[in-house]
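As structure tokens, the structure follows; a few thoughts come after it.
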Amino acid sequence: MLITDTGVPKELIEKDQWGGEIMKRLDDGWCAAVDRDTLMCTIYENRPWICREFEMASYECETERRDNGIDPH
Ligand code: SF4
């Protein structure tokens, strides 16, 4: 969810059913800004505020990667 304007490109933004702005997802369910080869954010300097709060290598991060079949290390 986009709470503040951090400069996310418009083509990567969608509206949810309540009219809120969210990151677009591709058919695989992942954020459209994820580079599928490197798993890195392609808009890192402009990523949403929530993404900035999500700690890399945190328990939640590693759990998400493991649940999606990605070795967290
Ligand atoms: S940090 Fe991750 S979820 Fe956030 S915009 Fe970048 S690729 Fe998407």
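The values are calculated or read from the model by the stated rules, or taken from the named source; none is laboratory data. None of the values given here were measured: they were computed from a predicted structure. Methodologically, a virtual Cβ is constructed for each residue, glycine included, from the backbone with ideal geometry; neighbour enumeration extends over all protein chains shown. Side chains included, ligands, DNA and RNA excluded: accessible areas come from the protein's heavy atoms. Shrake-Rupley method; radii C 1.70, N 1.55, O 1.52, S 1.80 Å.
For the chain, the solvent-accessible area with a 1.4 angstrom probe is 79 square angstrom per residue.
Directionally averaged projected area (the chain, Cα convex hull): 5.4 nm². Estimate the FRET efficiency between I3 and D37 by the formula 1/(1 + (r/R0)^6), using the beta-carbon distance for r and 22 Å for R0, to the nearest 0.05. For I3 and D37, the calculated efficiency is 0.15. Dividing the summed -39500 (n - 2.57) terms of all DSSP H runs of n ≥ 4 by the residue count of the chain sets its mean residue ellipticity at 222 nm at -5000 deg cm²/dmol. The share of accessible area on the range 10-67 that comes from carbon and sulfur is 52 percent, using a 1.4 angstrom probe.
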